[in-house]
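> First the structure, then my questions, so here it is.
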Amino acid sequence: STTVNTPRMPRNFQQFFGDNSPFCQDGSPFQSSPFCQGGGQGGAPGSDGGQQQKFMALGSGVIIDAAKGYVVTNNHVVDNATTIKVQLSDGRKFDAKVVGKDPRSDIALIQIQDPKNLSAIKLADSDALRVGDYTVAIGNPFGLGETVTSGIVSALGRSGLNVENYENFIQTDAAINRGNSGGALVNLNGELIGINTAILAPDGGNIGIGFAIPSNMVKNLTDQMVKFGQVKRGELGIMGTELNSELAKAMKVDAQRGAFVSQVMPNSAAAKAGIKAGDVITTLNGKSISSFAALRAQVGT
């Protein structure tokens, strides 16, 4: 015989997963599944190498505007797609088109055609997150359908992973697997705090280290996609690195964290603003800057 242990649900989650949970409502906005049909070159040995073959890919997405049918997902979910199908958690299927894509941040915005009776998720202020906050990841792992896992915020402002050009990830231990890409990371109010995009998996399986793009960055990027059809980035015209205690001591600066400026390009925005090599940038528009990667993400997204 087989014994299945059912751990008791933490009290913090009992109310969240009860009958009044946002996930129990009809037309759940948290998870849709963009099924992308694309074209690729290839074939078996001896076959016509120029013959185009179709392939299917799938991922997850989140409805952020019910009236207009906007769904945010990862760029790598819909990149090179010729046909996009969105299947909602209630089983309805829609055709969709790409509104805008940004490979450098791995965010894409697609639009459901003829949207009817949709529900959109509310976006939370991801800047208000704290390490230890509860998180819930929702997606379509391995094409199984709507799946919910829980965890906490393990770290904030994670960068240096060489996953994307602009990295400012939320790290979570909520289980994220293949097919979760583009799915929602939400707080206990059911509000979107991030879009799941990557995992650290040396052996290909989940080890509790997942990464999500913060909702504030997502909002900024998708707003630009709606307005311009693309992302228009700011550029300071500087080069630099992350300030640490050793560098701060060597350069005799008071700050312990921030973006250390090593070079300023002539006639750049930074040069015109009076920024010089050796400066340390610790805040931008009132927001704390903990690293050069964080500065790059703030300016570029």
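> Given the criterion at pLDDT below 90 and surrounded by fewer than 21 Cβ atoms within 10 Å (Cβ to Cβ), identify the matching residue among Ala175, Ala124.
Working: Ala124 fails: at pLDDT below 90.
When all the criteria are applied, what remains is Ala175.
> In addition: I need a count of the residues in the stretch 118-131 that are outside any helix (DSSP H, G or I) and closer than 16 Å to Ile64 by Cβ.
From the stretch 118-131, those outside any helix (DSSP H, G or I) are 118-125, 129-131; that's our starting set.
Cutting the leftovers down to closer than 16 Å to Ile64 by Cβ gives us 118-125.
Final tally of qualifying residues: 8.
> Go through the residues of the stretch 228-240 one by one and say whether even a single one is among the small types (Gly, Ala, Ser) and surrounded by 14 or more Cβ atoms within 10 Å (Cβ to Cβ). Give the steps one after another, and end with the answer.
Start the filter on the stretch 228-240 by keeping residues that are among the small types (Gly, Ala, Ser), which leaves 229, 234, 237, 240.
Checking the rest, the ones that are also surrounded by 14 or more Cβ atoms within 10 Å (Cβ to Cβ) come to 237, 240.
Yes, there is a match, as at least one residue in the stretch 228-240 is among the small types (Gly, Ala, Ser) and surrounded by 14 or more Cβ atoms within 10 Å (Cβ to Cβ).
> If you check Ser288, Ser245, which single one turns out to be more than 30 Å from Leu123 (Cβ to Cβ) and at pLDDT below 80? Reasoning before the result, please.
On the way: Ser288 fails: more than 30 Å from Leu123 (Cβ to Cβ).
Exactly one of Ser288, Ser245 is more than 30 Å from Leu123 (Cβ to Cβ) and at pLDDT below 80, namely Ser245.
Here's the yes/no breakdown for (1) in a strand (DSSP E or B); (2) of a type outside the set (Phe, Trp, Tyr); (3) surrounded by fewer than 24 Cβ atoms within 10 Å (Cβ to Cβ); (4) touching a residue at least 12 places away in the same chain (Cβ under 8 Å):
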| site | (1), (2), (3), (4) |
| --- | --- |
| Val71 | yes, yes, no, yes |
| Ile84 | yes, yes, no, yes |
| Gln87 | yes, yes, yes, yes |
| Gly91 | no, yes, yes, no |
| Asp95 | yes, yes, yes, yes |
| Ser105 | no, yes, no, yes |
| Asp114 | no, yes, yes, yes |
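> Give me the residue from the stretch 147-172 that is of a type in the set (Ser, Thr, Tyr) and at pLDDT below 90 and, out of that set, nearest to Arg296 (Cα to Cα). It would help to see each step written out before you state the result.
Initially, the stretch 147-172 is screened for residues of a type in the set (Ser, Thr, Tyr), giving 147, 149-150, 154, 159, 166, 172.
Now drop any that are not at pLDDT below 90, which leaves 147, 159, 166.
Details: Thr147: 34, Ser159: 11, Tyr166: 7 Å.
Among those residues, the one meeting the criterion is Tyr166.
> Moving to a separate point now. So Leu221 passes all but one of these: (1) under 30 Å from Gly69 (Cα atoms); (2) surrounded by fewer than 16 Cβ atoms within 10 Å (Cβ to Cβ). Which condition number does it fail?
Condition (2) is where Leu221 drops out.
> Considering only residues that are over 15 Å from Gln224 (Cβ atoms) and either without any contact (Cβ under 8 Å) to a residue 24 or more places away in the chain or surrounded by 18 or more Cβ atoms within 10 Å (Cβ to Cβ) (or both), which ones fall in the stretch 57-69? Talk me through it step by step, then tell me what you get.
The first filter runs over the stretch 57-69 and keeps only residues over 15 Å from Gln224 (Cβ atoms), leaving 57-63, 66-69.
Matches in the stretch 57-69: Leu58, Gly59, Ser60, Gly61, Val62, Ile63, Gly69.
> If you check every pair at least six apart or on different chains, which have Cβ atoms under 8 Å apart with a residue in the stretch 229-243 that is in contact (Cβ under 8 Å) with a residue 40 or more places away in the chain first and a residue that is in a strand (DSSP E or B) and among the acidic types (Asp, Glu) second?
As it stands, the answer is Gln230/Asp102; Val231/Asp102, since those pairs meet every condition given.
The values are calculated or read from the model by the stated rules, or taken from the named source; none is laboratory data. Source: prediction; values computed, not measured. All Cβ positions, even for glycine, are placed from backbone atoms using ideal geometry, and neighbour counts span all protein chains on display.
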